[in-house]
Structures are given as structure tokens and as C-alpha cells.
1. With a ≥ b ≥ c the root eigenvalues of the C-alpha gyration tensor of the range 2-59, is it rounded (a/c under 1.5), prolate (a/b larger than b/c) or oblate?
2. Could you rank the peptides 166-179, 141-154, 43-56 by their average count of other C-beta atoms within 10 Å per residue, with the highest value first?
3. Across the range 69-241, how large is the tail of the calculated P(r) beyond 25 Å, expressed as a percent of all Cα pairs?
4. Can you compute the FRET efficiency between M1 and M55 using 1/(1 + (r/R0)^6), with r the Cβ-Cβ distance and R0 = 22 Å? Round to the nearest 0.05.
5. With label points built 7 Å along Cα→Cβ from the Cα atoms of S46 and A173, find their separation and express it in nm.
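Since every read-out is calculated from the coordinates, none of them should be taken as a lab result. Predicted model, so just to flag it, every value in this text is computed and none were measured. Don't worry about glycine lacking a Cβ; one is built from the backbone with ideal geometry, like all the others, and counts go over all protein chains shown.
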Amino acid sequence: MKLTTIRTRGGTRAARAEGDGTLVELPWPDVGTALRDPRWRSVAGSAAGCSHEAMFSTRAPLVLSPGRILCVGRLSRTASWLPVTLAGSRDAIFPPPGADADCETHLAVVLGAPLHRGSEAAAAAAIAGFSILTAITTSTHGTLSFGPALATPDELPGGVRPRVVLREIVDGALVREAPTAGLDPVDVLRRLSHAVPLQPGDVIAVGVPGGPRRHLGERCVLETEIDEIGFQENELRQPVQEIESRVDRRARTGPA
């Protein structure tokens, strides 16, 4: 099963992706709220709400108000992220004027059940599914592009230890292509649950395969993809007021 959060005229809505290219609305405002409902699996699999064409639907961030977002590095160090902005999978992103941005794309695991001091089996059972989390950061600002879908483990080769490929493309050039087979989300959750209690809707970025952070300019198109989960395309733009300010300065000072 694949779940997503879409924007509708009435606000955001969780939805289930169907094989015919449609999205069926579910009775929650977003996937995070759905995962906090103990009945989420049965309801999400059977609910029959309004239907939308997936290709014409705008995706919101998968989880609108995560209780916790944690990033686990390759050296098993953990850090909480307090993002300035959560973005949908095709939202434009506006870094501060004059600031260069870096990006880092993670395989993200989303909790579907509480987990505290859990065993390996309990950690595996607590996984609702996997998504893409791309951190686009400057020294003073951060945006997390989160989506486009939550793929439950049965949708992925390898299940709770997905064997898929992550890609990053900047302005049409492939800059990262790496398998996730070296990441072990189950072990990450098991160990992390002995440090902090985890709750449904919590998001854990379990690692970045294939190298360091990537440097971006002020303007670019960043595409990120993980096989069987989905595809994101975020354009980095300058704020309108900054563009207007530069045009105004040029008009006053004349050509250089």
C-alpha cells in the first residue's frame, strides 16, 4: 500500500494510491494523523473517499506535524532537526538571498506504532513504511522536502530492510546513485528506541548512501528519487522581493 498527503480545495487530505493512477481520499488530514490512529492499516486499505487523478494532484508534505524528526548518521550519531519549513515533493524552495545551499537525501522510515526499548521484532513491526526526506540547508535556514508517498514494507524489495536505489539529479545531471542495501532501518530503530521513546508519526532519516552532502547554488532544480517509493522535484528560487530589489538597484545605478 502507498499513502500520500494531497492538497485539495478543502485543505490537505491523506490519500491511498491506486494501481490505475488515482488517489482515493482517506478520513484524515495527512498521513501523520492517520498513523496515530490504531486502525490506520485496515481503514486506509478499505476506505472509499473522493478520487483524484494522481498526475494532477499537488502533494503536501507527507506528515504535516511530525512529533519528532531524527537523523541518524553513518557513525550512529543522532541529532534532532528543527526544520524551518516542511515542503511537498514538488514545492518551490526559497533559500535566503545570497546563501549557498547544500542537500542531503535520506531514506526515511516512518513509525506506525509506539516503540520503546524494543526488540528487533518489535522494531520491524513498528515500521509503517518508507519515504524520501531531502534536507536543503544553508547556515541559517533549512527546508525538508518530504514525500511523495509512504510505501509500506510489502511494496519494497527487502521489506523492512529495503533494497532499492536512491538518486539525486541537479539541473539534469546525475550526482548521486547509490543502493540502500547497506542501511539497516530495523537495527537503527531498535537502538534508537533504547535512547528515546518513539511514537507513531515520528520520522527517522536512517542514512545517506553513497557519499557526502551535495552543494547547490542559489538557483537550481533538484530531483530526488528512490525506487518503488517515488520522485521529488524541487526548484530552488530567489524570493520575489530579492529579485525586485536587484532590478531596482540596477535601474538606479545603471549598467556596470
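1. Working: a/c = 2.02, a/b = 1.33, b/c = 1.52.
Here the range 2-59 falls in the oblate category.
2. Details: 166-179: 15.4, 141-154: 23.2, 43-56: 13.2.
For the peptides 166-179, 141-154, 43-56, the packing ranking is 141-154, 166-179, 43-56.
3. Values: 4352 of 14878 pairs.
More than 25 Å apart: 29 percent of the Cα pairs in the range 69-241.
4. Numbers: r = 20 Å, r/R0 = 0.89.
Step by step, r from the Cβ atoms, then E = 0.65.
5. The two pseudo-label positions are separated by 5.3 nm.
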